[in-house]
There are 4 protein chains.
Amino acid sequence: MDRPQVGLIGYGYWGPNLARNFSSNKRCALKRIVEIDPARRNKAAQSHPGVEVTADAADVLGAADIDVVVIATPVSSHFPLAQEALLQGKHVWLEKPITRTADEAAQLVELASAKNRVLLVDHTFLFTSAVAKIKSVIASGELGRILYYDSVRVNLGLIQSDVNVVWDLAPHDLSVMDHVLQSRVQAISVHGARHFGRYEEMAHVSLYFEGNVMAHLHVNWLSPVKVRQTLIGGDKKMLVWNDLENEEKIRIYDKGVDFLPLEDGYQALGQYRIGDMYSPALETREALATEVNYFLDCVERGESPMNDGLAGWRVVQMLEAADRSLAARGALVEL
Amino acid sequence: MDRPQVGLIGYGYWGPNLARNFSSNKRCALKRIVEIDPARRNKAAQSHPGVEVTADAADVLGAADIDVVVIATPVSSHFPLAQEALLQGKHVWLEKPITRTADEAAQLVELASAKNRVLLVDHTFLFTSAVAKIKSVIASGELGRILYYDSVRVNLGLIQSDVNVVWDLAPHDLSVMDHVLQSRVQAISVHGARHFGRYEEMAHVSLYFEGNVMAHLHVNWLSPVKVRQTLIGGDKKMLVWNDLENEEKIRIYDKGVDFLPLEDGYQALGQYRIGDMYSPALETREALATEVNYFLDCVERGESPMNDGLAGWRVVQMLEAADRSLAARGALVEL
Amino acid sequence: MDRPQVGLIGYGYWGPNLARNFSSNKRCALKRIVEIDPARRNKAAQSHPGVEVTADAADVLGAADIDVVVIATPVSSHFPLAQEALLQGKHVWLEKPITRTADEAAQLVELASAKNRVLLVDHTFLFTSAVAKIKSVIASGELGRILYYDSVRVNLGLIQSDVNVVWDLAPHDLSVMDHVLQSRVQAISVHGARHFGRYEEMAHVSLYFEGNVMAHLHVNWLSPVKVRQTLIGGDKKMLVWNDLENEEKIRIYDKGVDFLPLEDGYQALGQYRIGDMYSPALETREALATEVNYFLDCVERGESPMNDGLAGWRVVQMLEAADRSLAARGALVEL
Amino acid sequence: MDRPQVGLIGYGYWGPNLARNFSSNKRCALKRIVEIDPARRNKAAQSHPGVEVTADAADVLGAADIDVVVIATPVSSHFPLAQEALLQGKHVWLEKPITRTADEAAQLVELASAKNRVLLVDHTFLFTSAVAKIKSVIASGELGRILYYDSVRVNLGLIQSDVNVVWDLAPHDLSVMDHVLQSRVQAISVHGARHFGRYEEMAHVSLYFEGNVMAHLHVNWLSPVKVRQTLIGGDKKMLVWNDLENEEKIRIYDKGVDFLPLEDGYQALGQYRIGDMYSPALETREALATEVNYFLDCVERGESPMNDGLAGWRVVQMLEAADRSLAARGALVEL
């Protein structure tokens, strides 16, 4: 196969980053950009002189010279655009969240499989050095059995007019949890509050994972300070990921509690264990560039990416469950 | 009235601090210390040469020369000791939590009222400069309407053999919330996990306060890092209390989101407002010394303290509700 | 006068930022870019389609259609290029440091004055919100009399092959000190060490300013951690500027020591004074855009900028004195 | 030999800590405390019921039943007291700095040697877990060749009426440098300033150690923030010691600059090397208790401690040189 030819639909907030990365990757060729806003079309034309810029998605979806469709439009249009692209036999890169509903996501998964095409959902965080390191540290067994995953993602945030804070901020954490924990969510409970607009501005998401792993996520648009911190506790070691640190984003603590089993089947009072801490050096790279490369690998080899439609479906399934729980004041929703 | 004569029961972890503070306060006289452990009795005798040290609580409870009984024993003995002291007409200083059950607490409240005696529950945190400042800042209206209260109290903690992490760590936060929010809890949901012992080592406590104030408390004995941070969001300003800072424990942010009302009754997309931050200077003082003084004021004037039996009862009521919710995987428990 | 037409010489590390800012400012027109490296010329042509790109500085220096020459070449060529530009009656924007020697700088100052042309040295830091705030806080008298200025600028840095760490890192601090202290340096002493290359990789610069203001600057390419912190002590308040903070870069402490005069003319033992701290909100803006605007103001009004040739001369004078002191193991060099 | 009997002279600021540690160590017996202030004598008597308390140093210096004299008086009396104690054949524990002058220190060193008695100067910091770890890390070669030692010890400090900030704060760092660097100071330069009282309140101390090790110490009583941070750069790794951290006081960075030798004998432009960081777990212990034990070891075995009179002399020699340099505006003083 020649270098895949790429058509990008959507040149809004994230589109320029996609255009830059797909055009600078020598393994593919960015051929066409679709954008309905004239001002943004101008910007696209200026920044990418050799690329055609049009206003009609059909110029990409039905075009014989396009192998890959990259979709960076508002989430409500994800489903029809991705569906059409797959029906036309294109490989699809889709921004997160994959769709508005888990049902739509499931249809895309099935269609990609039937058409034997790659469907990738852009969970960019998975391609950061930090998450790659966390994944490998957990997989290596260094932390031991995972006990909990606790993330705080709060700041004074732009309040969205069309989704609540869970849909806005939680997909990052949900996709990372899904990726590194290697275990499935069984139940979700979300407590939230709404003070100003139509949607909750703050929420506490509790997730019960298989294997007695407790996860929690605090998302909040109304915090005076910005926090991006995740604690992952294992029964051997514990990890702290502070994404706001420039260096030392990840710290691994040789700390824990040691227990002696008791005769009655319970365990005795634990004792601290406090050893060294270390912070592994992380490669400096742009996550998106790594992800584009990985996507092209998948296209070339006909392989399904780790962040495929199913991964996208799992995240949307959690988001839907979160909404149901929120509406019922935190009632536990089984998945 | 002459200087009140004080008898202290319990010279374990906290008792020595109480002994030191009651003996150094010139407005009362520490007369007698009761402790069942001989080694601790020795330590008490050495540190307080002029004070009688005995092994029998009756030497204090029934003694005619004792006006005030200070109880610092394990929680299971709080109720019988405090009950007897009140029946004997003593004023009572009781360590937290007031009792094992809200019913017992209610009985003590009634008894103190019937006997016209002061009953104080030692919620020491209320007497720190930090909490006093938070209380006055909220009361002054500087923060505006309170939107949420969010506290994280985690560390690698000594796992208790007789209570879960909520009973161990949450009373501090619950008493502070109760004190500063001026509003009552309506419902509680607690999600927790148990990995090693009989009791939960980590828990997420969501509290619905009157007036749409959302509170949340993360308590955890299995965290590799120690965090003691509380965010309080108001619709005018926001406050961060980091109790691990030596200086600048409290920061007040002139930050918020401004909204324009819309015709349809909802509000428009908010806009950031970012102004100055300031950190008020806090008086350096020992909270316990301040509290002992305040207690003696109450005894002298026959007034009920802010941290009276009712305050203690409210905290235990929340703890009981937390246990019920924990046992039902976070089911909402109305109060 | 029509919009000034601008010619830029040098499209290396900093040139693209200058090109972007001069081309996006509507009050001037970027006409021509000179760069000797063909690859960089290509980049310049791509990024600025409407601008002429040439390899010969004469296309700018002697061009009748050019009013302003912006020079961003290596420091060794600053003097001849700026001299020629001024002789040709152009206004000049010159990167820092102004020249290799104070003598050359003095010649440029004189020439600019004789030709009645604006000569600005790009001390970008002066146009950050942080330094503008520091300047106004000191000028307002809020800090009282300034006692000291202490700056640490260390990190694991790219060791330069042609200058020592003082010439590489200190110009930032020297230009800021010069700007905010409103006082002149009287003497300099520098202690440094050289471990790997031809030039010192670390240095401690002590500066005696008029009015008994002690300044110190620690610059170091061999630090494992990055620090950008400045303390400014006044006899009323004290200021900390941490340039690595995203928010709260500046903190102003109402702290100090109060003294009572004694009969013998000396003063008594001081007492602490600890009041509130506050962190003023800083405007978010690009310093360089502000500086370009300011430069165009000066050109329009025929005014001399605060960062004029004399300011550039003062910085180079300090750098030369620093070299002399370094060579004499820290001997004090009077200015 | 029976358990050494200890006499303590001076029960002011530090004396009570010494009394507590010598009395609780079972390998010796605290016999007598001398203190001229009646109020302090009372406190000593109360806290140490079995110990004789007197007002006359002769009760200890000339007493046949005293083997060890511990001196914690103002520095001006160190020399006569220690001299007399040694003449009387006592072992001596002396607070820092050893004496007012290097000459006096040298006399004590000689006398201790002639009398074959242990003379220890209380450089407590050497016995902290942090400094012990730094010493062993450097000795192991892990950092490689030491390039520099840089310490900042600043805070809003009680301005002393009888010594400058160098004598007050620098002895800690000077004794640590002397201990861990295994190299001698060759020259000192000190720049300082005096704003309020008779003595300098801030100073920058540059020290040239053998082997091209550059050391620097910033001491300041007029800083709004408290900093206790030391950077130690080696050509293999680098270490940061932040004494204000509760945990992770020491961090060791696998960072550095790699150079290739060039033909002309100089070295090429370096390249970063950034590897992992780790923070070794440190034992929790009271430094003073460890030091008392070590002192008793030395007395028992007749060995000279690492912090002997010579170590004390070296520190005072540096302090004297610092004063000479300060008086000459930072002129380099050779040792």
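The values are calculated or read from the model by the stated rules, or taken from the named source; none is laboratory data. Treat the numbers as computed from the prediction; the structure is a model and nothing was measured. Note: ideal-geometry Cβ built from the backbone for every residue, glycine included; neighbour counts use all protein chains shown. When the accessible area is computed, the model is the full protein with side chains, heavy atoms only, and any ligands, DNA or RNA have been set aside. Shrake-Rupley method; radii C 1.70, N 1.55, O 1.52, S 1.80 Å.
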Check your understanding: Any idea which of C:Ser189, C:Ser175 is part of a helix (DSSP H, G or I), within 23 Å of C:Trp313 (Cα to Cα) and among the polar types (S, T, N, Q)?
Key -> C:Ser175
Check your understanding: Of the residues C:Leu86, C:Leu94, which single one is within 30 Å of C:Leu282 (Cα to Cα), open to solvent by less than 30 Å² (accessible area, probe 1.4 Å) and not in a loop (DSSP other than H, G, I, E, B)?
Key -> C:Leu94
Practice item. Could you tell me which of the residues B:Glu283, B:Glu263 is in contact with a helix residue (DSSP H, G or I) (Cβ under 9 Å, 6 or more places away or on another chain) and modelled with pLDDT under 95? Key: B:Glu283
**Study point:** Qualifying positions in the range D:43-54 - open to solvent by 80 Å² or more (accessible area, probe 1.4 Å) and either in contact with a Pro (Cβ under 6 Å, 6 or more places away or on another chain) or at pLDDT 95 or above (or both)
**Key:** D:Glu52
Review point. Out of all the residues in the range D:63-83, which are outside any loop (DSSP other than H, G, I, E, B) and over 17 Å from the mean Cα position of the chain (by Cα)?
Key: D:Val68, D:Val69, D:Ser76, D:Ser77, D:Phe79, D:Pro80, D:Leu81, D:Ala82, D:Gln83
Exercise for review: For B:Tyr278, indicate whether it is at pLDDT 95 or above, open to solvent by 50 Å² or more (accessible area, probe 1.4 Å), at the interface with another protein chain (Cβ under 8 Å from one of its Cβ atoms) and farther than 25 Å from A:Leu207 by Cα.
Suggested key: yes
Review point. For the range B:208-226, how many residues meet the condition of being facing chain A (nearest Cβ under 9 Å) and closer than 30 Å to A:His195 by Cα?
Key: 7
Exercise for review: Would you mention how many residues in the range D:216-234 are at pLDDT below 95 and either assigned to a loop (DSSP other than H, G, I, E, B) or within 15 Å of C:Ala203 (Cβ to Cβ) (or both)?
Suggested key: 1
**Study point:** Qualifying positions in the range B:61-102 - at pLDDT 95 or above and among the polar types (S, T, N, Q)
**Key:** B:Thr73, B:Ser77, B:Gln83, B:Gln88, B:Thr99, B:Thr101
Exercise for review: Look at B:Val109 and say whether it is in a strand (DSSP E or B) and not basic (Lys, Arg).
Suggested key: no
Point to revise | Members of the range A:179-201 that are more than 14 Å from A:Ser325 (Cα to Cα), within 21 Å of the chain's Cα centre (by Cα) and at the interface with chain B (Cβ under 10 Å from one of its Cβ atoms) | key: A:Glu201
Review point. Does A:Asp323 fit the bill of being among the acidic types (Asp, Glu), surrounded by fewer than 16 Cβ atoms within 10 Å (Cβ to Cβ) and in a helix (DSSP H, G or I)?
Key: no
Practice item. Please go through the range A:125-140 and pick out each residue that is among the polar types (S, T, N, Q) and closer than 17 Å to A:Leu244 by Cβ. Key: A:Thr128, A:Ser129
Check your understanding: Has the range B:199-215 got at least one residue that is open to solvent by 10 Å² or more (accessible area, probe 1.4 Å), more than 17 Å from B:Leu335 (Cα to Cα) and not in a strand (DSSP E or B)?
Key -> yes
**Study point:** C:Ser161 within 17 Å of C:Met318 (Cβ to Cβ), within 14 Å of chain D (Cβ to nearest Cβ) and either open to solvent by less than 30 Å² (accessible area, probe 1.4 Å) or in contact with a Lys or Arg (Cβ under 9 Å, 6 or more places away or on another chain) (or both)
**Key:** no
Practice item. For D:Lys237, indicate whether it is under 27 Å from D:Leu217 (Cβ atoms), at pLDDT 95 or above and more than 12 Å from chain C (Cβ to nearest Cβ). Key: no
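Inside the range A:221-230, can you point out the residues that are hydrophobic (A, V, I, L, M, F, W, C) and open to solvent by 10 Å² or more (accessible area, probe 1.4 Å)?
Result: A:Val225, A:Val227.
Every residue, every condition in (1) open to solvent by 10 Å² or more (accessible area, probe 1.4 Å); (2) among the aliphatic types (A, V, I, L, M); (3) over 28 Å from C:Asp276 (Cβ atoms), yes or no:
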{"residue": "C:Ser140", "(1), (2), (3)": "yes, no, no"}
{"residue": "C:Tyr149", "(1), (2), (3)": "no, no, no"}
{"residue": "C:Asp168", "(1), (2), (3)": "yes, no, yes"}
{"residue": "C:Gln182", "(1), (2), (3)": "yes, no, no"}
{"residue": "C:Ile188", "(1), (2), (3)": "no, yes, yes"}
{"residue": "C:His191", "(1), (2), (3)": "no, no, yes"}
Exercise for review: Could you check how many residues of the range D:294-305 are surrounded by 15 or more Cβ atoms within 10 Å (Cβ to Cβ) and more than 26 Å from A:Asp276 (Cβ to Cβ)?
Suggested key: 6
Practice item. Kindly provide the set of residues from the range B:266-275 that are modelled with pLDDT of 55 or more, within 8 Å of chain A (Cβ to nearest Cβ) and surrounded by 14 or more Cβ atoms within 10 Å (Cβ to Cβ), ordered by number. Key: B:Leu269, B:Gly270, B:Ile274
